1. Could you please find all residues in the range 364-402 being among the aliphatic types (A, V, I, L, M) and assigned to a helix (DSSP H, G or I)?
2. Residues in the range 62-80: is at least one of a type in the set (Asp, Glu), open to solvent by 20 Å² or more (accessible area, probe 1.4 Å), at pLDDT 95 or above and over 20 Å from the mean Cα position of the chain (by Cα)?
3. Filter the range 130-159 for residues that are under 19 Å from ASN361 (Cα atoms) and of a type in the set (A, V, I, L, M, F, W, C) and give the result.
4. Taking helices (runs of 4 or more DSSP H) that fall entirely within the range 426-520, which contain at least 1 residues that are touching a Pro at 6+ places or on another chain (Cβ under 6 Å)?
5. Would you please list the contacts, defined by Cβ atoms under 8 Å and residues six or more apart or on different chains, that run from a residue in the range 367-384 that is without any contact (Cβ under 8 Å) to a residue 12 or more places away in the chain to a residue that is open to solvent by 20 Å² or more (accessible area, probe 1.4 Å) and part of a loop (DSSP other than H, G, I, E, B)?
6. Filter the range 550-602 for residues that are at negative phi, within 28 Å of the chain's Cα centre (by Cα) and either hydroxyl-bearing (Ser, Thr, Tyr) or open to solvent by 30 Å² or more (accessible area, probe 1.4 Å) (or both) and give the result.
7. Is it the case that some residue within the range 526-544 is surrounded by fewer than 24 Cβ atoms within 10 Å (Cβ to Cβ), under 23 Å from GLY62 (Cβ atoms) and not basic (Lys, Arg)?
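The values are calculated or read from the model by the stated rules, or taken from the named source; none is laboratory data. Here the structure is a predicted model, which means the values were calculated and not measured. Neighbour counts are summed over all protein chains in view; Cβ atoms, including those assigned to glycine, are modelled from backbone coordinates with ideal geometry. Accessible surface is based on the protein model in full, side chains and every heavy atom, while ligands, DNA and RNA are left aside. Shrake-Rupley method; radii C 1.70, N 1.55, O 1.52, S 1.80 Å.
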Amino acid sequence: MSTENGGDGSIDRRTVLSALATSTAAGLAGCSGGNDGNGNGSGGGNGGSDQELGERVPKITGVALAQITGAENIEQSMLHVKQQVSEVLGVPMEIKATEFVSFFEEMQQDERTASFFVNLVVPQASRLDPGYTLRGYHIRRAGTKAGGLNNYASCEFSKAVENQATAANPEKRQEYVTKALEVSSQDITPIPLTKTSGGAAYRSDQLTLPDDLGDKGIIASNHHFLYDTETSGGTEYISGAVTPGNMPNSVYTLGVKRPWYNTVYLPLIVYDKNYQLKPALAQDYSVSNSSSTFTFNLREDATFHNGDPVTAEDAKWTLEWIEEYTPQFNFVPEYSYESVKAVDEHTLEVNFPNPNPGWLNVFAPAWSGVLPKQHWLDSGADKGPTNMNLDTIVGSGPYEVEKWQPRQLLSLQPYEDHFMDVADKGLRFVGYGDRQAAYRAFEEGSLNVLFNASAQTAEKVKNELSDVADYVTVANFTSWNVHSSHSFAPAMFPEFREAVSWAIDRQRIKAFLENGNGEVCTKSSWFPDTHPSYPEDDSGLKTVGDKTANPEKAKQVLRDAGYGWDDEGRLHYPPDKDLTPPWPKGSSPCDNPDDFPCLPDLCDPI
């Protein structure tokens, strides 16, 4: 690989993860450990006063994500949020358990069905690049059909996100990233909870792990684990449980890329077991023109599963097809290419009009799984991804499809003519929406891997299955947060979000989400202090909570903003509070550019 990039957009990931793995409970800036504590308080505080009250804050809804790993723990966390909002703030709250794919679709359509939900930032390698996370909260992602989860609409934040995406050097990029984080932090977006950790259980009587799993550990995106783990005792497959919503469609770009990429479809480059970028379908690559030109030399011995050679024209078509239909994809970032050229049969050149360091870190390792152009066109790709009929799935990775049932099963066997060597065993990804059912299958031996297993699962494995199973943990660089809907009251008001944040007992939530491990986060930031893009000087980030609940601080935030309570302890808005949503339901900020000074200029893709 060429080193011409000179560090443009690069990340010293080994240094970061080494530091993360050795960080202690003494606490770093923004996240800290400590003793457990209580802190519940009762609502009210103004009953019988002469304060003029505005409209009563109505009952609100929170969502507990269901049919997802850790759903029970998420529900417990949301029940705690409900208790604190109801008892401390005086706002009744109901919790609805909603299947996570359906709920994300509601949020992305801005249906305004929930004010708050707890979620984690998934610790996938792409999120080591700051732009991958930040661009999800750009103003153009707010509103109907825009794909945002918070419907956050800040011109200042969005301008900083755009600037970091085209910064010509790492120092300038970090300056813009810090600006974006500071703006969203002052807006109390998100409400921080605690750092994440990762773990997986595996059947040691069926699988023999490689000597070194690297910093990734046992996760579905660690191809080193998938390729090199060997089976024993008559076991023919690595059989792992995955969330059904992660494999809804054979057109892998329509859903979460796992478990398709690095298995059935191989990208041009990949993150290795230590989060370092390495060539894959590309034999080597180079970066030039301040990260605006990327050149890939494809392997000449690479073939698709139907025997056809993998060419630069296939790679060119893949990138252009994804770009054309990006609005129909749920997770694929948008990029505006200046040109994509097949220089010759095995050389691909990608050009951007401006520096784009994030593309190499985010898009290329995840979504450049090269597709067989002619096969996909014959399957209806020219009509769009939702109208295709892939009767036969032809990939470019080291595994080919043996059996496929949407949301239920993806069964793979090694592709014998692939240039990569993998252990002689198959892979099975089995959909389980019920975590307990997945554990029973693991206990019985029909599953031999539980990805993203909880700390509670670790205890069960230790106590019940120690003779046939083991549990592996890794440190992560992301966090759990409370997400808020910014498109309607009361969660659209920063003072209400801040009050909720002070009312939360983070130590208690950490016990639910991380079994008490790790450190809580008290500064509002999309990144914890162990992420490579966390500001060295975090004084611009707002502290919005303690380790335990601070009911009096929560109520004081509301008093200072003019809120008050009636004799029943119910919260009321200030008398002159404008409750009009920032844009009408069924539309988006980009549909109402007169209400936002940066629009319509920022409505175009970054």
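1. Our first condition is that a residue be among the aliphatic types (A, V, I, L, M); within the range 364-402, this holds for 364, 366, 370-371, 377, 381, 388, 390, 393-394, 401.
If the condition is that a residue be among the aliphatic types (A, V, I, L, M) and assigned to a helix (DSSP H, G or I), then ALA364, ALA366, LEU377, ALA381 are the ones that fit.
2. Within the range 62-80, none of the residues are of a type in the set (Asp, Glu), open to solvent by 20 Å² or more (accessible area, probe 1.4 Å), at pLDDT 95 or above and over 20 Å from the mean Cα position of the chain (by Cα).
3. LEU134
4. Working: elements: 435-444, 455-464, 494-503, 506-514.
Passing ranges, in order: 494-503.
5. GLY380/MET388; GLY380/ASN389
6. Of the residues in the range 550-602, the ones at negative phi are 550-561, 563-568, 570-585, 587-602.
Applying the additional criterion that residues be within 28 Å of the chain's Cα centre (by Cα) yields 581-585, 587-591, 596, 598-602.
Passing the criteria: PRO581, PRO582, PRO584, LYS585, SER587, SER588, CYS590, ASP591, PRO600, ASP601.
7. There is no residue in the range 526-544 that is surrounded by fewer than 24 Cβ atoms within 10 Å (Cβ to Cβ), under 23 Å from GLY62 (Cβ atoms) and not basic (Lys, Arg).
Here's the yes/no breakdown for (1) part of a strand (DSSP E or B); (2) without any contact (Cβ under 8 Å) to a residue 24 or more places away in the chain; (3) at positive phi:
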position	(1), (2), (3)
ILE188	no, no, yes
TYR202	yes, no, no
ILE219	no, no, no
GLY233	no, no, yes
ILE238	yes, no, no
